[in-house]
Amino acid sequence: MSGDSRYKIWGIILIVLGIIFLFKFSFGAMLRVLWPLILITIGLYIIFKRKQSAIGDGTKADDDELSGFPVLFGDIKINNLTDGIGSMEKMLLFGDITIDLTGIKLTNGDNYISAMAMFGDIRIIMPDDFPTKVDLGCCAGDLNFRKRHAGGLFVGIKSKDDNYDNALARIHINGKICFGDIKVLNTSK
């Protein structure tokens, strides 16, 4: 993932947390103050919404859709990839990211998935035999990778399969979420 993408997502996280801490009064009072900002954000989203191609029905997505352009609201669902993974970056403010790698073959070399969200869940489903390295982290939520679990505040999981370094084709998953869960699931479960 490029440095610019990291700065954008962390910038969004810091802005939202700053707004929350700025208003130390009740949620109702905060909502009365923030609702105009929410309406403005939704309006900007509608105006600048990029054309999203149908991912998941067998249609290949545009190269721009698989890039790291952040999406504000909604769910991102990717499945039925036919050309392998290569490098994929997904960022989302509110919603769930689901990436289903069932039935695909890794391209030789390093395959990389980066999935980041502010509020929601990230779920990556993949075959058991993919040599995998993960770097998962969250501010508040649960993380699951194979038999490893971490939950609570500011938790992370870093893990690498024994055969990862010597594999001809391997996958590195970088998942970050502020509030929510990340699950890297095997297809056999």
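Where a number appears in this text, it was derived from the coordinates with a stated rule and is not lab data. Predicted model only: the values in this text are computed from it and were never measured. Here the Cβ is made from the backbone with ideal geometry for all residues, glycine too, and neighbour counts use every protein chain on show.
Figure the gain on full extension for residue 128 and residue 160 (residue separation times 0.36 nm, minus the Cα-Cα span) and round it to one decimal in nm.
10.2 nm
For the stretch 84-189, what is the convex hull volume of the alpha-carbon atoms per residue, in Å³?
Looking at the stretch 84-189, the number lands at 80 Å³ per residue.
At a 10 angstrom cut-off on C-beta neighbours, averaged per residue, how do the peptides 77-86, 122-131 rank from highest to lowest?
122-131, 77-86
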